[in-house]
Amino acid sequence: MYYYVINPVAGGGAVNAIQDKLRQRLAELGIDGEIAKTAGPGDATKMVRDAIERGFNTVVAVGGDGTLHEVINGITRDNVAVGVIPIGRGNLIASSLGIESWKEATEILAARRLTAYGLIAAGKRYFVSSITLGFEAEMSESDQNASNTSPKATLRTRIRALRNQYRRAGEFSPIQAILQVDNAYELRAPVFSMRISNLKFDNPQADNRLSISIIDRPDRVQRAGYLWNLLKKQDADVPNSTHITADDVVLETDPSVPLLIDGSTEAAHTPITIRLTNRRVRLITGKQAVSFKGA
Amino acid sequence: MAKKHDLLSVANADTVIGTGVTVGGDLRSDGDIAIDGSLQGSITARGNVTIGVNGIVKGDVTGNVVTVAGELRGNVVAQELTTLRGSGRVKGNITTVNLEIELGALFIGRSQMKAAGSIALQDTEDGTNAVK
């Protein structure tokens, strides 16, 4: 039984333009079900919990990364499958799962290829992909949308946005961060950008383990490379950055800074404890194992 | 952040501590470890350990191939090879199967050469590694 959670404001209301076609396509593929719309932040989590209590075994987030993040946090049983139909522009997780458009998403839902990912606890929330802090997290949503590959953005707009981002990156003051890693050692670093992710999310054949990447003080060339990778929605890494793996970290910064969780501007700040859990979520993906990074 | 040409090639290490980063405590890994920052504590790796030209380590280092291009104050135990690059400075004892010291390197301590296969890492009950 399929339960579709639609965020009506995702992508500036883009779902409204396609919902009739979407419903028709789902019916054609035999995967139609109950459709519900959220009324505000936090709604998706509650709706998913109720749906699971009522017996639904597949829940689909129709929206951006924020919608998917809320849906994942509503999963209360390991046997529930989670899918995504990306709407709008903030769909890094869907893209990582090999899902680039709503049409493609319906085919992938019908194919139902499941991969189990470990949930990572960040404070009281769970996430499946990554937490970022520093420059990437503090870039405004409008900056990100203006610089993406939306067909409506002119070349001049994109170049202007990129130039603006490059200037802001040069002016960004690194944040002082302290990580307590696995209760074994302490790491102190000036942070331009930090990303904490699940190794398994990049490669389903890897173990569930935290991967922490820190860019401390990039030079001009490294900054340009970093921004270019962000634009292409690739790993925003630079040579000679710090990489460690862990099961849990306690992250503090001076001053406290906001965190981007699974691409969502969730209301989370440092200090925060991030740890692997025994909980799993089964995601419906579009990728074969060989197409994941490191495979 | 150090320029690329200043560093040894450490891109494939599982654990990389970059320049400007400080670590306090013991680092352990089943893979390779590369340090170009500061570490106060021991390093234990089943793979290779590289201390880059900007790296400063105060503690013992245990690994398969240990390469020092920076500063190390502590003992080295290498199952296969220890290399001191020309920029390397080691103050401590070295126990290894093979030892290579480039012109310009500084080594203050004692070296002990062992037969191949005679140095093995053994997990002890308290989780530390001991040399067999």
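A short reminder: the numbers here are calculations on the coordinates, not readings from a lab. These figures come from a predicted structure and were not determined experimentally. No Cβ is skipped: glycine too gets one built from the backbone with ideal geometry, and neighbour counts run over all protein chains shown.
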Point to revise | Vicinal HN-Hα couplings computed from phi for region B:36-53 (Karplus, 6.51 cos²θ - 1.76 cosθ + 1.60; Hz; Gly/Pro x) | key: 10, x, 10, 9, 10, x, 8, 10, 10, 9, 7, x, 9, 10, 10, 9, x, 4
Review point. How high is the FRET efficiency between B:Ile108 and A:Arg280 when r is their beta carbon distance and R₀ equals 51 Å, given to the nearest 0.05?
Key: 0.45
Check your understanding: Given the pairs A:Lys21/A:Lys200; A:Lys103/A:Lys124; A:Lys37/A:Lys103; A:Lys21/A:Lys46, which span a C-alpha to C-alpha distance of over 24 angstrom in this model?
Key -> A:Lys21/A:Lys200; A:Lys103/A:Lys124; A:Lys21/A:Lys46
Check your understanding: For chain A, what does -39500 (n - 2.57) per DSSP helix run (n ≥ 4), summed and divided by total residues, give at 222 nm, in deg cm²/dmol to the nearest 500?
Key -> -9000 deg cm²/dmol
Review point. For B:Ile94, which sequence-distant residues (separation of 5 or more, or a different chain) have an amide H within less than 5 Å of its own amide H, given hydrogens modelled in the peptide plane?
Key: B:Val76, B:Arg110, B:Ser111, B:Gln112
Check your understanding: Can you list the residues, at least 5 places off or on another chain, whose amide H is less than 5 Å from the amide H of B:Ala34, using H built in the peptide plane?
Key -> B:Thr15, B:Val16, B:Ile17, B:Thr50
Check your understanding: Taking the Cα atoms only, what angle lies between the long axis of helix A:102-111 and the longest principal axis of chain A, rounded to 10 degrees?
Key -> 70
Exercise for review: Round to the nearest 0.05 the FRET efficiency obtained for A:Asp20 and A:Ala116 when R0 = 35 Å and r is the Cβ-Cβ distance.
Suggested key: 0.55
**Study point:** Given charges at beta-carbon only (K, R positive; D, E negative), |dipole| of the protein assembly as shown in Debye
**Key:** 960
Check your understanding: Between A:Arg160 and A:Glu186, 0.36 nm times their residue separation minus their Cα-Cα distance comes to what?
Key -> 5.3 nm
Revision key, fill the gap. Stretched fully, the stretch from B:Lys58 through B:Ser118 gains (0.36 nm per residue minus C-alpha distance, one decimal, in nm) 19.0 nm
Practice item. Count charges around B:Ser38 for me, please; just the other residues with Cβ under 13 Å from its Cβ, Lys/Arg as +1, Asp/Glu as -1. Key: -1
Point to revise | Degrees separating the helix A:15-29 axis from the principal Cα axis of chain A, which is the longest one | key: 60
Exercise for review: For chain A, find the longest principal axis of its Cα atoms and tell me its angle to the long axis of helix A:43-53, 0 to 90°, nearest 10.
Suggested key: 50
Practice item. Using DSSP, restrict attention to beta bridges with both residues in chain A and report what percent are antiparallel, rounded to the nearest 5. Key: 75
Exercise for review: Among DSSP beta bridges lying fully in region A:1-152, give the percent that are antiparallel, nearest 5.
Suggested key: 15
